[in-house]
């Protein structure tokens, strides 16, 4: 039995909300379980406030801004956190039993280019108190080799570790990488871990365990290494034309998954209980600062 599994390449689904939000959307169901614990990824461009304050429960809502974003994404949450997520920064909201937040571009002619990622929490942590972890660009280490630059926004790769990862609710790796034409990059996938490999703006080829997967620009594959494997799998990434890629990876939870909008729990009963808790006001609310800085949704 093959211990390393690679899904077919999946192209993101276009998602437009109003005039200020456009995204390529990926859901966990597109990859047949091979990106667990990732539940959802939106690769988005945002030019105006679009979303009202909204709740999350049972997951981490993760925002990573690409370096080419031209303005910050300003975060407001019910725990009292408020401030800009600047280009190149990571903001990780571990919603646990429930929190409310919103994030919006502010200032003149804003343009946020980013990822919004929902990372599932294990059943044992879904009812923990919410908290946030923030890493500014200077705190994010890089791996460099000829023709290769990889920002390690979370986790580790090639012996380089992002220190703030110790504060996350679960182990997780987020790599934001650039490969010049004809160059290669290798990342080790640990036994029991899954990954989503996304070719953003150029085609990418994945070679691993004797398998080859071609990933067109705008597409992603899921990758899973069975927990019974005796060693890590070397994921070799090659780009003939040059590629900007993202790799998201974490230990597979293999738990029941029930989704209802921004809530992800292990049963319908738990979903209903969290909805009632939100309606009772148990998730808290934002300060009035966001009202003073917001505009009408696009």
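The values are calculated or read from the model by the stated rules, or taken from the named source; none is laboratory data. Remember, predicted model here, so these are calculated numbers, not experimental data. Backbone-built Cβ (ideal geometry, glycine too); neighbour counts: all protein chains shown.
Give 49, 37, 14 a once-over and let me know the one that is modelled with pLDDT under 95 and touching a strand residue (DSSP E or B) at 6+ places or on another chain (Cβ under 8 Å).
Residue meeting the stated conditions: 49.
Run residue 99 past the list (1) at pLDDT below 95; (2) crowded, with 19+ Cβ neighbours inside 10 Å and report the number of the one that doesn't hold.
For residue 99, the failing item is (1).
Of all residues in the stretch 26-82, which are out of contact with any helix residue (DSSP H, G or I) (no Cβ under 6 Å at 6 or more places or on another chain), buried (at least 24 other Cβ atoms within 10 Å of the Cβ) and in a loop (DSSP other than H, G, I, E, B)?
Within the stretch 26-82, 37, 58 qualify.
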